[in-house]
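Down below is the structure, laid out as structure tokens.
The values are calculated or read from the model by the stated rules, or taken from the named source; none is laboratory data. Not measured: the values here are computed from a predicted model. Note: ideal-geometry Cβ built from the backbone for every residue, glycine included; neighbour counts use all protein chains shown. To get the accessible areas, we keep the full protein, side chains included, count just its heavy atoms, and leave off ligands, DNA and RNA. Shrake-Rupley method; radii C 1.70, N 1.55, O 1.52, S 1.80 Å.
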Amino acid sequence: MIERKRLLALAFYNKEHFSGSDQERNLRFRVEKVVPKAPEENPDADVEDPYFLATVWPEPYSFEATADEKKMTHKEAFSEEGLQAIVDWMNEQHFDRDDWKR
């Protein structure tokens with residue numbers, strides 16, 4: 001089980017993503033802060049607030065070595081509540097060993 005305390009403080013995500021794994025669920029995960037930008041062709045457009053993007057994929061390979069179609073993502077507000085929602089979502093995910101194939 002992934003616990004909230006394992007995912008570090010909010011300030012950490014201002015500079016880095018966080019990766020880890022949960023062998024019980026046969027998954028790896030990555031949590032990052034995304035800061036949307038206005039499109040170049042319309043710099044005055046409304047911009048979405050920053051948010052957390054969580055990605056999970058089957059073990060044993062790294063994020064870069066896993067095909068995108070094997071990854072699942074989930075988005076939540078960049079807040080303490082959003083990070084807890086990310087933890088809850090990740091704890092609902094799991095992969096079978098057959099999913100380990102690239």
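For the chain, the Cβ-based charge dipole about the Cα centre amounts to some 540 debye (Lys, Arg positive; Asp, Glu negative; other atoms uncharged).
How far is helix 80-92 tilted, in degrees, relative to the longest principal axis of the Cα atoms in the chain, given as a value from 0 to 90 rounded to the nearest 10? Taking the Cα atoms of the chain, the angle to 80-92 is about 30 degrees.
Residue 3 exposes around 90 Å² of accessible area when a 1.4 Å probe is run over every protein chain in place. Is the C-alpha gyration tensor of the range 9-51 telling us rounded, prolate or oblate? Criteria: a/c under 1.5 is rounded; beyond that, a/b larger than b/c is prolate, otherwise oblate. Prolate shape, in that a/c is at least 1.5 and a/b is the bigger ratio. Structure note, pairs 5/71; 33/75; 5/33; 37/75: Cα-Cα distances above 19 angstrom occur for 5/71.
Per-residue packing, averaged as other Cβ atoms within 10 Å, sorts the ranges 15-21, 72-78, 26-32, 56-62 into the order 26-32, 56-62, 72-78, 15-21, beginning with the highest.
Over all pairs of different C-alpha atoms, the chain has a mean inverse distance whose reciprocal, the Kirkwood radius, equals 14.5 Å.
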